[in-house]
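The values are calculated or read from the model by the stated rules, or taken from the named source; none is laboratory data. Every value quoted in this text rests on a predicted model; they were computed, and no experiment measured them. Neighbour counts run over all protein chains shown; Cβ positions are idealised from the backbone, glycine included. Note: areas computed on protein heavy atoms with side chains; ligands, DNA, RNA excluded. Shrake-Rupley method; radii C 1.70, N 1.55, O 1.52, S 1.80 Å.
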Amino acid sequence: QQRLVESGGGLAQTGGSLRLSCTASGFLLSYYAVTWFRQAPGKQREEISCISASGDSTNYADSMKARFTISRDNDKETVYLQVNDLKPEDTGVYYCTKTRFPTCRSREYDRWGQGTQVTVSS
């Protein structure tokens, strides 16, 4: 009923860029902080970045600061993840998720999308 939908993944060359999108079905995403995760084959899910509901606060995993940028356009009810200088190790399924709160303090995620596949060729 209520779900998140990721899009924008695909096949990219090493050194290229992708812009992933996260939208909501059945509710307004603009009320909530949103976190991006990724999961490589055979590995644990890895947090990338979170953005607050208003977009005025963001945080990143230390390893993600250089090449990942999270943003949102609440008029479009969309959260984005820009990935630059893609590397083969970026290959995996990218997910967005939310909690019940507008800030990034909580990690009690209550909605997930189906993920979007990112494949980086080497």
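So here's what we get for this one:
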| item | result |
| --- | --- |
| 18 Å Cα-Cα reach of Lys43 towards lysines, excluding residues that sit fewer than 8 places from it in its own chain | Lys87 |
| Order of exposure, largest accessible area first, which applies to Trp112, Trp36 with probe 1.4 Å | Trp112, Trp36 |
| Proximal aspartates and glutamates to Lys98, defined as alpha-carbon separation beneath 13 angstrom and excluding residues fewer than eight positions away on the same chain | Glu6, Glu47, Glu108, Asp110 |
| Charge tally in the Cβ shell below 15 Å around Gly8, where Lys, Arg are +1 and Asp, Glu are -1, Gly8 excluded | +1 |
| Relative contact order, percent, the chain [alpha-carbon distance under 8 Å, six or more residues apart] | 36 percent |
| Cα Rg, Dmax, the range 52-122, angstrom units | 13.3, 39 |
| Residues in the range 82-122 reached by a label modelled at Ala40 [backbone nitrogen below 11 Å; 7 Å Cα→Cβ] | 87-92 |
| The range 71-122 and the range 9-25: distance between their alpha carbon centers, rounded to Å | 10 Å |
| Added length on full extension, which subtracts the Cα-Cα distance from 0.36 nm per residue, Gln82 to Gln114 | 9.7 nm |
| GNM flexibility winner over the chain from Ala12, Ala24, Ala66 (Cα, springs under 10 Å) | Ala66 |
